[in-house]
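Worksheet for the structure shown next.
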Amino acid sequence: MGKKKIWSFLLLMLVALSVVLAACGSDDASEGNTEKDNENEGSTEGDTGSTSTGDKVLVFGRGGDSTSLDPSRVTEGESFKVTKNIYETLLDFGEQDTTIHEGLATKWEPSEDGLTYTFTLREGVKFHDGTDFNADAVVKNFERWANGTEDQFPYYASMFGGFKGDEGHVIDSVTADGDYTVVFKLKRAQAPFLKNIAMSPFAIASPTAFEKDGEKFGDNPVGTGPFKFVEWKRNDSITIEKFDGYWDAALPKLDKVIFRSIPDNSARLNDLLTGAIDLADGINPADGQTVEADSNLQLFERPSMNVGYLGLTTTRPPFDNAKVRQAINYAIDKEAIVEAFFEGRAEVAKNPLPSSIPGFNEDIAGYEYDPAKAKELLAEAGFADGFEMELWAMPVPRPYMPDGRKVAEAIQKNLGDIGVKAEIVSYEWATYLDKASKGEADAFLLGWTGDNGDADNFIYVLLDGDNIGSNNYTYYDNQDLHKILIEAQTEVDEDVRNELYKQAQEIIFADAPWVPLAHSTPLLAGKAELVDFLPHPTGSDLLSHVDFK
């Protein structure tokens, strides 16, 4: 053996000996993931969810990073997944539904004409920065949003008809009546107003913090929630920890939550199987049986309230032609896509909202898979020889579409069969959303998880002309549809509202700005020791009650 080999051998023996001694010196060393500063924040196999210091830590693996931790500035679920636990809203939803419950407000009283809402606030609540939650804080949050722009607060415009000074702006004023009473006055009745108030984007933030940090507030979030922000390592992890000053002294049960970004679904499941994480979302439908067969794991089904779709940007030729859009609908074999990529855990979509939402139109037949009909419509539109286009595929798995790339490839094949040559392109997630929102895509895969269980949150938010530039990525604008949707917002009789939404779906079906693809049942998986985790249909999971056996 040469000298170099002898030294290498001795060095390896020395390293091995040091590892053995280190293991003997620590009986409860963590075998889970650790942060780069060696805080041992992963889970141990002997004491699931705990670190060597005894803290209960949940490591939550997810498909992508957040884009901002200011919930009023985002529209995507990876941000709300975190902010739901840092902030609170005036009203909250039920544990696994969208019924209205107490939040930061303990009482709410609407006037008979539906134009005034009086909220009584919870007392003794503190923001994470030590400042008081009160009526003035609520007023300052709503003033901040109302005085903003679509680029700043896209959801506010979508849910409240614009901003201060806009003709369609629903909210006339928000005022404090003492320290713990807030009065909202509306310009017109808005049937889903209470459900809108309960949505994650309208969580109440510390005015002291957002006034101090300005545009950077989304990097340093401060709310009243059960967990407070600790650290954000971009495209890696976000750490939040128990807020000792939380108004409910019994919560949260966990000491810390680490949200890890693991883009590949299979890699995320593997991390769960090896104990590197405790909970994983975006489980491939094909892997559901694997989880169910493992006694160390449990499978969770999120109540379905979503739609995955192919959007057709109606301002970009040739998609400014309704016949072309209809042809694309006929060309795509939706049943084959659902069968191949959802493993029976989804239903084929025909409308822009799922059948669980009141107002769903059962009578619409949907577009059948009919390539011959598609070619016929293309010829009528002047494209008998087809055309070339870009087909945008999501770079991350989403609850409504586990693998956007594979779905795009299936669509690409369908389009090729009718003479349309589609080039698949993609971008980093935040860039993808930004560019699509600006109307830069010919056609794009995207989807939506409902925020409040109301048809308005699907049809008006995603397909009304008011929301072009915010959540209406197709730039579809039909004035007849707009009139119906505004009437439906104002109407308080639920039966009448439902009929209006059925009419709206008939218009959308004929104009075909989307190819609705699927309504999925998203899957999550966790360690068997995990208790009291209840996936919410909105996709925003409150983790304050979660614990380990």
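Laid out as a table, the results:
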quantity: Odd one out for residue 409 among (1) closer than 29 Å to residue 302 by Cα; (2) open to solvent by 20 Å² or more (accessible area, probe 1.4 Å); (3) touching a residue at least 40 places away in the same chain (Cβ under 8 Å); calculated: (3)
quantity: Filtered residue count, region 434-467, keeping only those that are in a strand (DSSP E or B) and charged (D, E, K, R); calculated: 0
quantity: Subset of region 506-549 [under 22 Å from residue 313 (Cα atoms) and either of a type in the set (A, V, I, L, M, F, W, C) or crowded, with 23+ Cβ neighbours inside 10 Å (or both)]; calculated: 507, 508, 509, 510, 512, 513, 514, 515, 516, 517, 518, 519
quantity: Residue 438 under 25 Å from residue 321 (Cβ atoms), in contact with a strand residue (DSSP E or B) (Cβ under 9 Å, 6 or more places away or on another chain) and not polar (S, T, N, Q); calculated: no
quantity: Tally, over region 282-304, of residues that are open to solvent by 10 Å² or more (accessible area, probe 1.4 Å), of a type in the set (Gly, Ala, Ser) and out of contact with any helix residue (DSSP H, G or I) (no Cβ under 8 Å at 6 or more places or on another chain); calculated: 4
quantity: Which listed residue, of 227, 217, is at negative phi, at pLDDT 95 or above and out of contact with any Ser or Thr (no Cβ under 8 Å at 6 or more places or on another chain); calculated: 217
quantity: Elements of type strands (runs of 3 or more DSSP E) in region 165-244, at least 1 residues being closer than 18 Å to residue 456 by Cα and open to solvent by less than 50 Å² (accessible area, probe 1.4 Å); calculated: 171-176, 181-186
quantity: Residue tally, condition assigned to a loop (DSSP other than H, G, I, E, B) and farther than 23 Å from residue 523 by Cα, over region 331-380; calculated: 15
quantity: Meets criteria (at pLDDT 95 or above, assigned to a helix (DSSP H, G or I), aliphatic (A, V, I, L, M) and in contact with an Asp or Glu (Cβ under 6 Å, 6 or more places away or on another chain)) for residue 481; calculated: no
quantity: The one condition in (1) open to solvent by less than 10 Å² (accessible area, probe 1.4 Å); (2) part of a helix (DSSP H, G or I); (3) over 30 Å from residue 87 (Cβ atoms) that residue 496 fails to fulfil; calculated: (1)
quantity: Residues of region 288-319 that turn out to be without any contact (Cβ under 8 Å) to a residue 40 or more places away in the chain and assigned to a helix (DSSP H, G or I), as a count; calculated: 3
quantity: Residue 184 vs. criteria within 27 Å of the chain's Cα centre (by Cα) and not hydroxyl-bearing (Ser, Thr, Tyr); calculated: no
quantity: Flag for residue 257 being in a helix (DSSP H, G or I), β-branched (Val, Ile, Thr) and in contact with a strand residue (DSSP E or B) (Cβ under 7 Å, 6 or more places away or on another chain); calculated: no
quantity: The lone exception for residue 508 - which of (1) among the β-branched types (Val, Ile, Thr); (2) more than 25 Å from the chain's Cα centre (by Cα); (3) part of a helix (DSSP H, G or I) it fails; calculated: (2)
quantity: Every residue from region 84-114 that is within 16 Å of the chain's Cα centre (by Cα) and not hydroxyl-bearing (Ser, Thr, Tyr); calculated: 84, 85, 86, 93, 96, 97
quantity: For residue 145: the one exception among (1) within 22 Å of residue 461 (Cβ to Cβ); (2) in a loop (DSSP other than H, G, I, E, B); calculated: (2)
quantity: Enumeration of residues in region 443-475 that are of a type in the set (Phe, Trp, Tyr) and open to solvent by less than 10 Å² (accessible area, probe 1.4 Å); calculated: 444, 458, 460
quantity: Those residues of region 249-273 which are among the acidic types (Asp, Glu) and either closer than 23 Å to residue 346 by Cα or free of Cβ contacts under 8 Å to residues at least 40 places away in the same chain (or both), in sequence order; calculated: 264
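Residues checked against (1) farther than 30 Å from residue 499 by Cβ; (2) open to solvent by 50 Å² or more (accessible area, probe 1.4 Å); (3) within 21 Å of the chain's Cα centre (by Cα):
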| site | (1), (2), (3) |
| --- | --- |
| 271 | yes, no, no |
| 309 | no, no, yes |
| 331 | yes, no, no |
| 341 | yes, yes, yes |
| 344 | yes, yes, no |
| 350 | no, yes, no |
| 360 | no, no, no |
| 372 | yes, yes, no |
| 376 | yes, yes, no |
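Matching residues to (1) crowded, with 20+ Cβ neighbours inside 10 Å; (2) of a type outside the set (Ser, Thr, Tyr); (3) in contact (Cβ under 8 Å) with a residue 40 or more places away in the chain; (4) farther than 20 Å from residue 472 by Cα:
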position	(1), (2), (3), (4)
275	no, yes, yes, yes
280	yes, yes, yes, yes
321	no, yes, yes, no
353	yes, yes, yes, no
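The values are calculated or read from the model by the stated rules, or taken from the named source; none is laboratory data. Keep in mind that what you see is a predicted model, and the values were worked out from it rather than measured. Every residue, glycine among them, receives a Cβ derived from its backbone with ideal geometry; neighbour counts consider all protein chains shown. Quick note on the areas: whole protein, heavy atoms, side chains included, nothing else; ligands and nucleic acids left out. Shrake-Rupley method; radii C 1.70, N 1.55, O 1.52, S 1.80 Å.
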